Amino acid sequence: KKGLLQNDSTLNGILSDLRNAMTDFVESAGLSLSGLGITTQAYDYTSGGQLVVDTTKLKEKLASDPNAAAQLFTGADGVAGRVKSALDKYVGTFGGDGMLLLRAGGATSSNDTSLLATQIKSYNETIAGLKDQLQTEEDRYWNKFTQMEQALSVMNSQMTYLSSMLDNNNS
C-alpha cells in the first residue's frame, strides 16, 4: 500500500523485530513456534502475518513435552520476552521514549522535539514567511494601483479642463 508511512524505516524495523521474535529459534526451549505447529501463512503477504495453527502438531508437542512449550514463551530468551523487548525499543516504557515516540512525538508532550514535530514547525515557519511575502507583494500592487488611479484622475481632470477651454475658444 502507498501512503506517508510506506517504507518507513522505523515501522519496518518494528515489523522485522516482531516477526523475528515470533519465528526465531528459542535456545532455552530447544524449538520455535513452527516446532509447535504455529506458522504464518506461507507466501501470502496480504494475510498481514496471520498465524496458522496446526492443532494436531500442537497437541502432540504439548502432550510429549509441555515444559518445552512453556519455556518457548516464558523463558529468558522466549517469545514473550522478545516481543516485550521489541515493543520497549520502539514504543517505549514508563520513563523512556521508544523510537516511534522520538519520531512522532507524544500526545501529552508540551515541548515536542520529535522528528515530525520539528518538520511541522519548519513547514509552518516557511508558510508564515511565504504569507508575509505574499502580503508585501499584495500591498505593493495596491499602492501601484492607487497611484495609477490617481494619475488617471488627474489626466481626466486635465482633459475636462482642456475640452472646456477648446469649447470656449470655438464658440
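The values are calculated or read from the model by the stated rules, or taken from the named source; none is laboratory data. The shown structure was predicted, so the numbers you read here are calculated from the model rather than taken from an experiment. Every residue, glycine as well, gets a Cβ built from its backbone with ideal geometry; the counts of neighbours run over all protein chains shown. We work out accessible area using only protein heavy atoms, side chains counted, and drop any ligands, DNA or RNA first. Shrake-Rupley method; radii C 1.70, N 1.55, O 1.52, S 1.80 Å.
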Counted residues, the stretch 12-53 - those being among the charged types (D, E, K, R), part of a loop (DSSP other than H, G, I, E, B) and over 16 Å from T74 (Cα atoms): 1
Filter result for Q119 (on the phi < 0 side of the Ramachandran plot, open to solvent by 90 Å² or more (accessible area, probe 1.4 Å), in a helix (DSSP H, G or I) and modelled with pLDDT of 80 or more): no
Cβ-Cβ under 6 Å pairs, at least 6 apart or on other chains, the stretch 71-91 side more than 16 Å from L33 (Cβ to Cβ), far side open to solvent by less than 40 Å² (accessible area, probe 1.4 Å): Y90/I14; Y90/G98; V91/G98
Matching residues in the stretch 64-116 - criterion: being assigned to a helix (DSSP H, G or I) and at pLDDT below 80: Y90, M99, L100, L101, L102, R103, A104, L115, L116
So T56, is it of a type in the set (V, I, T), farther than 26 Å from S9 by Cβ, modelled with pLDDT of 85 or more and outside any loop (DSSP other than H, G, I, E, B): yes
Where a residue in the stretch 124-136 is free of Cβ contacts under 8 Å to residues at least 24 places away in the same chain and its partner, wherever it lies, is in a helix (DSSP H, G or I) and of a type in the set (D, E, K, R), with Cβ under 6 Å and at least six apart: none
Residue within the stretch 66-73 that is open to solvent by less than 60 Å² (accessible area, probe 1.4 Å) and either of a type in the set (V, I, T) or touching a His at 6+ places or on another chain (Cβ under 9 Å) (or both) present: no
